[in-house]
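Student: My structure is below; once you've seen it, I'll send some questions.
The values are calculated or read from the model by the stated rules, or taken from the named source; none is laboratory data. Quantities reported herein were computed from a predicted structural model and do not represent experimental measurements. Reconstructed Cβ throughout: ideal geometry from the backbone, glycine too, with neighbour counts over all protein chains shown. Areas reflect the complete protein model, heavy atoms only, side chains present, ligands, DNA and RNA absent. Shrake-Rupley method; radii C 1.70, N 1.55, O 1.52, S 1.80 Å.
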Amino acid sequence: MTQPGGAEQVINTVCHDHCTNECFLRVHVKDGRVVRVETDNGPEPQFRACVRGRAHRQLLHHPDRLKYPLKRVGERGEGKFERISWDEALQTVASQILRVRATYGARSTILLCSAGDLGYLHEGGLIDRVLNRVGGYTGVIGTVSDQATRIAAIATYGVDNAMCGNSVDSLLSARMIILWGINPVVTRNYLGHIAHFFPQLKKPGVKVVSVDPRYTETASFLDAQWIPIRPSTDAAMLVAMAYVIIKENLQDQAFLDKYTAGFEEYKKYVLGDEDGIPKTPGWAEEITGVPAATIVSLAKEYATTKPAALLDGLAPGRTARGEQYNRAAAALTCMTGNLGIKGGSSGCGPMQVDDPYIKLHVLNGVHVDMKCDGNPVDKASPLRTDSIYYHREKRKNFPSIPETGHYYLGGPSTAYLLRPRVADAILQGKEGGYPADYKLLYIVTCNWVNQYGNSNKLIQALNKLEFMVCHEQFMTATARYADIILPQNTFFERNDITGSPNFPFYGFRAKAIGSLGESRSTFEIATGLAAKLGITDFTDKTEEEWLRQAAKTYGIPDYEQFKKDAMYRVPRNTVVAFEKQICDPENNPFPTPSGKVEIFCQALADLGDPDLPAVPKYIEPWESVNDPLAKKYPLQLISSHYFRRVHSRFDNVPWLRELEPQAVLVNSADARSRGIQDGDLVRVFNDRGQTLLPACVSERIMPGIVDIPEGAWLSLDENGVDRGGCPNVLLNDLCSPGGGLACNTALVQVEKAEGRVC
Ligand SMILES: Nc1nc2c(c(=O)[nH]1)N[C@H]1C(S)=C(S)[C@@H](COP(=O)(O)OP(=O)(O)OC[C@H]3O[C@@H](n4cnc5c(=O)[nH]c(N)nc54)[C@H](O)[C@@H]3O)O[C@H]1N2
Ligand SMILES: Nc1nc2c(c(=O)[nH]1)N[C@H]1C(S)=C(S)[C@@H](COP(=O)(O)OP(=O)(O)OC[C@H]3O[C@@H](n4cnc5c(=O)[nH]c(N)nc54)[C@H](O)[C@@H]3O)O[C@H]1N2
Ligand code: SF4
Ligand SMILES: [Mo]
């Protein structure tokens, strides 16, 4: 479409920025610049962009965009770089890969990918393919978002959590909705385009409850009853709700008998027959801070209101013992017979993830279609035993992530590190029981130092490396430590296909402008690097041919039309997870070893790991309020996802920064006892680090808890104090037993600092 004057073009495309969403963008282009971004104004359901999507051109044309390959010239982390040619950059990376492999073995190279824009074509798996062709590497296993939830889902239902939810429209049938640690008005995750459905949930007779340390935007929007809870303790409350239901004989026994295995064992734990401790509401009150009477009434209401959806979000799973929370939520769902029905839920994650997303991102990506042979570094070697992934022999019936083909890593292999433990592995190497000494880190679309636990330890690890390369668009806290930075373009500068997680449609992400400066797409970088490594048959198709083929595979009838429209909707009815198993169990057993929902999971029992018990249990986390450390650091830190960022993305966009400052949310009682007033500059600290930021004093957070939204740019001063308000300097890099990031388990102290910010 051309505007009067003839120079402006409008291109339809889709945004998808690791917010696990997908939105429609109408991009106005003039003289090689995106001058305006509109969104979906068509018929409902609309796929409307959020503030970030609408401000995306500020990121695209940001003056700090990295547009040329860079070579480090100062000390590591000093931030001194020099522009070099692509030829020199790729040649250096290739030579270092070969040198490190020849000197230390292929395992010494770690590839760390994050999601980026989640495209079919421009994905980290391409680098996996390059490295596999030259002897392999050490991969990083599990997801940072929902690893504990995933382990719980596989143990309980035999499938990935992406397949455990009902579609959002199913909520329209619910008579009660329990938002448990989930705030979709901000995160939109898996509940997607809530603007269409959420107003419809506000109807008489539908009770909404929010169990969360914070009074969230979603709770406010849906007039929810707020039940504040101490973070990392959710399993205790869920177990106590099971206690009430059993004692009142409110459980759906027929459902439990027909569809589940091991309720009797769970009951023994709940009633205290196993350990002498009945898991009463009083017991849970001590742990969770939720009054016993509230637990009793919620349990009774949930057990007697049908259908009821218990939407257990991901954040409480990102805690020290996160797996138990989702396992306990699933048990409760079955006890109330809410599984497999419209308006119900499954536990094990909030919502259903639609087919296009699963097909494109969970099971696929161009590197899979390229038919890679897998990682040659596959022979088992002595491994640490602190995760179920390492109990390979014991978990024959327990498919882990590589076996389910999840994400970009190239198939089953023992050459993996748990995602949150990469720094520890680099620092400790073979001496610490890891399979190798790690020398080279290859990072694709990940702001590791900013986003993973214990930034200062991560920096120490980076300082120990012999070589580090990353694909970046900005000089992030992580990129500063690289030896070579390869400037990656944005989705406005390349074509790709995506799949929406929230509604069944495929997106064509159309190139709106040419690549800025000398930045390149992941596909171009991977093919260039492959050539330098002497791989002559890296791809037998052009980018366009791969996209055409993918469109055909996914049943998109008219590729040219798809390119123009940017969206291809796939019809589907309301999805109810495990509906078949519930309606016709004879012909549809659950995909678990017993064929039933495993409240008692034999595969977990076989592991013999007390932190991953066979039935859901509350296990006291490290850094709980009972930890002696709590004397020094009495406050529990959580770090919620923020409306004006996607992780660390967009933090450098002034338009968005103006909306709200980065601040730590502190309850007024905690503020008062520390002499802190709203807007005061405060120091949040523990033994791992410290960060300075303003305080936002409010009743919206439970006493004893503070929230620092994740993603603020780490900005260490000469004394090692972060002045960016990044919570990750305070986090532990220990993970949950199943390998999950524990970003909502940490003890801190807050004190007034000199100065005032706002
Ligand atoms: N705007 C925006 N949207 C995003 C993202 C983003 O960065 N920005 N990131 C996307 C990604 S990758 C993901 S994984 C999802 C994350 O989605 P979520 O994990 O759902 O998001 P959070 O904001 O971390 O947490 C949701 C709620 O859980 C609460 N909470 C934290 N810890 C606990 C706890 O221990 N118990 C209980 N009961 N509640 C707790 C928080 O207060 C918060 O209100 O969001 C996606 N969407
Ligand atoms: N404290 C705390 N930390 C957390 C969490 C938390 O709740 N609390 N949540 C965790 C979760 S759920 C997640 S998923 C992780 C996310 O962790 P990351 O995925 O590491 O977070 P991003 O900030 O999105 O980093 C992506 C980086 O890739 C760069 N990049 C390069 N090329 C591209 C490209 O083509 N596209 C895109 N999009 N980016 C590119 C971006 O500039 C950016 O620096 O953070 C985790 N960290
Ligand atoms: S950032 Fe996420 S929610 Fe916002 S417009 Fe883009 S895809 Fe949609
Ligand atoms: Mo995530």
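Student: Filter the range 581-597 for residues that are of a type outside the set (S, T, N, Q) and without any contact (Cβ under 8 Å) to a residue 60 or more places away in the chain; which is farthest from Gly165 (Cα to Cα)?
Tutor: Top of the filtered list is Glu586.
Yes or no, residue by residue, for (1) of a type outside the set (Val, Ile, Thr); (2) crowded, with 23+ Cβ neighbours inside 10 Å:
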residue: Leu462; (1), (2): yes, no
residue: Thr476; (1), (2): no, yes
residue: Phe491; (1), (2): yes, yes
residue: Asn495; (1), (2): yes, no
residue: Thr498; (1), (2): no, yes
residue: Asn502; (1), (2): yes, yes
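Student: Would you confirm whether any residue within the range 534-551 is open to solvent by 10 Å² or more (accessible area, probe 1.4 Å), within 16 Å of ligand 2 (Cβ to nearest atom) and either free of Cβ contacts under 8 Å to residues at least 60 places away in the same chain or closer than 20 Å to Gly365 by Cβ (or both)?
Tutor: Yes, the range 534-551 contains at least one residue that is open to solvent by 10 Å² or more (accessible area, probe 1.4 Å), within 16 Å of ligand 2 (Cβ to nearest atom) and either free of Cβ contacts under 8 Å to residues at least 60 places away in the same chain or closer than 20 Å to Gly365 by Cβ (or both).
Student: Separate question: Has the range 311-322 got at least one residue that is under 17 Å from Leu250 (Cβ atoms) and either surrounded by fewer than 24 Cβ atoms within 10 Å (Cβ to Cβ) or modelled with pLDDT of 95 or more (or both)? Step through it out loud before you land on a result.
Tutor: Step one: list which residues in the range 311-322 are under 17 Å from Leu250 (Cβ atoms), which gives none.
No, every residue in the range 311-322 fails to be under 17 Å from Leu250 (Cβ atoms) and either surrounded by fewer than 24 Cβ atoms within 10 Å (Cβ to Cβ) or modelled with pLDDT of 95 or more (or both).
Student: I'd like to check something: does the range 247-260 contain any residue that is touching a Phe, Trp or Tyr at 6+ places or on another chain (Cβ under 6 Å) and surrounded by 18 or more Cβ atoms within 10 Å (Cβ to Cβ)?
Tutor: Step one: of the range 247-260, the residues touching a Phe, Trp or Tyr at 6+ places or on another chain (Cβ under 6 Å) are 256.
Those left that are additionally surrounded by 18 or more Cβ atoms within 10 Å (Cβ to Cβ): 256.
Checking the range 247-260: at least one residue is touching a Phe, Trp or Tyr at 6+ places or on another chain (Cβ under 6 Å) and surrounded by 18 or more Cβ atoms within 10 Å (Cβ to Cβ).
Residue-by-condition table, conditions (1) under 30 Å from the mean Cα position of the chain (by Cα); (2) acidic (Asp, Glu):
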{"site": "Asp212", "(1), (2)": "yes, yes"}
{"site": "Leu222", "(1), (2)": "yes, no"}
{"site": "Arg230", "(1), (2)": "yes, no"}
{"site": "Met237", "(1), (2)": "yes, no"}
{"site": "Gln253", "(1), (2)": "no, no"}
{"site": "Lys267", "(1), (2)": "no, no"}
{"site": "Lys279", "(1), (2)": "no, no"}
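Student: I would also like to ask the following. Would you check which residues across the range 576-591 are under 20 Å from Ala152 (Cβ atoms) and open to solvent by 40 Å² or more (accessible area, probe 1.4 Å) and list them? Let's see the steps before the verdict.
Tutor: Filtering the range 576-591 for residues under 20 Å from Ala152 (Cβ atoms) gives 576-578, 581-582, 589-591.
The answer is Pro589, Pro591.
Student: Sticking with this structure for a sec: Can you tell me which residue among Gly192, Gly158 is within 26 Å of Gly340 (Cβ to Cβ), modelled with pLDDT under 90 and within 16 Å of ligand 3 (Cβ to nearest atom)?
Tutor: On the way: Gly158 fails: within 16 Å of ligand 3 (Cβ to nearest atom).
Answer to the check: Gly192.
Student: Mind telling me which of the residues Tyr389, Tyr442 ends up being of a type in the set (Phe, Trp, Tyr), at pLDDT 50 or above and crowded, with 21+ Cβ neighbours inside 10 Å?
Tutor: Numbers: Tyr389 fails: at pLDDT 50 or above.
None of the other options fit; the residue is Tyr442.
Student: For Tyr452, state whether it is in contact (Cβ under 8 Å) with a residue 60 or more places away in the chain, under 24 Å from Ser108 (Cβ atoms) and within 9 Å of ligand 2 (Cβ to nearest atom).
Tutor: Values: in contact (Cβ under 8 Å) with a residue 60 or more places away in the chain: yes; under 24 Å from Ser108 (Cβ atoms): yes; within 9 Å of ligand 2 (Cβ to nearest atom): yes.
Yes, satisfied.
The rows are residues; the columns are (1) within 16 Å of ligand 2 (Cβ to nearest atom); (2) among the aliphatic types (A, V, I, L, M); (3) modelled with pLDDT of 95 or more.
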{"site": "Cys601", "(1), (2), (3)": "no, no, no"}
{"site": "Asp606", "(1), (2), (3)": "no, no, no"}
{"site": "Lys617", "(1), (2), (3)": "no, no, yes"}
{"site": "Asp627", "(1), (2), (3)": "no, no, yes"}
{"site": "Ala630", "(1), (2), (3)": "no, yes, yes"}
{"site": "Arg644", "(1), (2), (3)": "yes, no, yes"}
{"site": "Asp670", "(1), (2), (3)": "no, no, yes"}
{"site": "Arg683", "(1), (2), (3)": "no, no, yes"}
{"site": "Gly689", "(1), (2), (3)": "yes, no, yes"}
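Student: Let me ask something else about it. Let me spell it out: the conditions are (1) surrounded by 15 or more Cβ atoms within 10 Å (Cβ to Cβ); (2) assigned to a strand (DSSP E or B), and Arg36 meets all of them except one. Which number is the exception?
Tutor: Failing condition for Arg36: (1).
Student: Can you find, within the range 153-182, the residue that is nearest to Ala299 (Cα to Cα) among those that are small (Gly, Ala, Ser) and away from ligand 2 (no atom under 16 Å from the Cβ)? Please lay out each step first, then the result.
Tutor: Going through the range 153-182, the residues small (Gly, Ala, Ser) turn out to be 153, 155, 158, 162, 165, 167, 170, 173-174, 181.
Applying the additional criterion that residues be away from ligand 2 (no atom under 16 Å from the Cβ) yields 153, 155, 158, 165, 167, 170, 173-174.
On the way: Ala153: 22, Ala155: 24, Gly158: 27, Gly165: 21, Ser167: 24, Ser170: 22, Ser173: 20, Ala174: 16 Å.
Once the filter is applied, the top-ranked residue is Ala174.
Residue by residue, here is whether (1) touching a Phe, Trp or Tyr at 6+ places or on another chain (Cβ under 8 Å); (2) within 16 Å of ligand 4 (Cβ to nearest atom); (3) β-branched (Val, Ile, Thr); (4) in a helix (DSSP H, G or I) holds:
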{"site": "Pro420", "(1), (2), (3), (4)": "yes, yes, no, yes"}
{"site": "Ala423", "(1), (2), (3), (4)": "yes, no, no, yes"}
{"site": "Glu431", "(1), (2), (3), (4)": "no, no, no, yes"}
{"site": "Tyr442", "(1), (2), (3), (4)": "yes, no, no, no"}
{"site": "Cys446", "(1), (2), (3), (4)": "no, yes, no, no"}
{"site": "Leu458", "(1), (2), (3), (4)": "yes, no, no, yes"}
{"site": "Ala461", "(1), (2), (3), (4)": "no, no, no, yes"}
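Student: Only one residue in Gly528, Gly507 is buried (at least 18 other Cβ atoms within 10 Å of the Cβ) and modelled with pLDDT under 95. Which one? Break it down into steps so the answer makes sense when it comes.
Tutor: Details: Gly528 fails: modelled with pLDDT under 95.
After ruling out the rest, the residue left standing is Gly507.
Student: Got at least one residue in the range 43-62 being among the small types (Gly, Ala, Ser), away from ligand 4 (no atom under 16 Å from the Cβ) and either assigned to a helix (DSSP H, G or I) or modelled with pLDDT under 95 (or both)?
Tutor: At the first step, the residues of the range 43-62 found to be among the small types (Gly, Ala, Ser) are 49, 53, 55.
Imposing the further condition that a residue be away from ligand 4 (no atom under 16 Å from the Cβ) reduces the set to 49, 53, 55.
Filter again for either assigned to a helix (DSSP H, G or I) or modelled with pLDDT under 95 (or both), leaving 49, 53.
Among the residues of the range 43-62, at least one is among the small types (Gly, Ala, Ser), away from ligand 4 (no atom under 16 Å from the Cβ) and either assigned to a helix (DSSP H, G or I) or modelled with pLDDT under 95 (or both), which makes the answer yes.
Student: When only residues in the range 729-751 that are more than 24 Å from Ser715 (Cβ to Cβ), buried (at least 22 other Cβ atoms within 10 Å of the Cβ) and modelled with pLDDT under 95 count, which is nearest to ligand 4 (Cβ to nearest atom)?
Tutor: If we take residues in the range 729-751 being more than 24 Å from Ser715 (Cβ to Cβ), buried (at least 22 other Cβ atoms within 10 Å of the Cβ) and modelled with pLDDT under 95, then Gly740 is nearest to ligand 4 (Cβ to nearest atom).
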